[in-house]
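Structure record follows, encoded as structure tokens.
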Amino acid sequence: MKTNCWNYMKCGLELGGKKVGNSGVCPAVTYTAFQGINGGYNGGRYCWGIVGNFPASNLRCPHAAQIKDCNLCDFYKLVEKESGDHFVV
């Protein structure tokens, strides 16, 4: 399995993470419907489709709130590069 967003971003919102008490577990961690997309665990490499700043998403990612556009996120760019033609937007 490849690096997931919570490991890359070190947000502390993964299961057992240090910020879970304040914000709860990030939905990307537990959303099983996206298991394996872009090679991630649950929604871990498709976080922008779950918690990001795209239409129909509920903004919960602290990084998306700062940058205002998931396309500008270094993790998004990494997943896009690693996935090549198989990248799921």
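All of the numbers you see were taken from the coordinates with simple rules; none came from a lab. Note that this is a predicted model, so its numbers are computed, not measured. Positions of Cβ are generated from backbone atoms using ideal geometry, with glycine treated the same way; all protein chains shown enter the neighbour counts.
Here is how the numbers come out for the structure above:
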{"quantity": "Size of electric dipole in the chain: Cβ of Lys, Arg +1 and of Asp, Glu -1, about Cα centre, debye, nearest 20", "calculated": "280 debye"}
{"quantity": "Between helix 74-83 and the chain: long-axis angle, C-alpha atoms, 0 to 90°, nearest 10", "calculated": "40 degrees"}
{"quantity": "Sites Phe87 and Lys18 - FRET efficiency at Förster radius 30 Å, r taken between beta-carbons, to 0.05", "calculated": "0.45"}
{"quantity": "Charge dipole (segment 28-89, unit charges on Cβ, about Cα centre) - positive-most of Cys70, Gly84, Asn38", "calculated": "Cys70"}
{"quantity": "For the chain, cysteines whose Cβ has no other cysteine Cβ within reach (under 4.7 Å)", "calculated": "Cys11, Cys26, Cys61, Cys70, Cys73"}
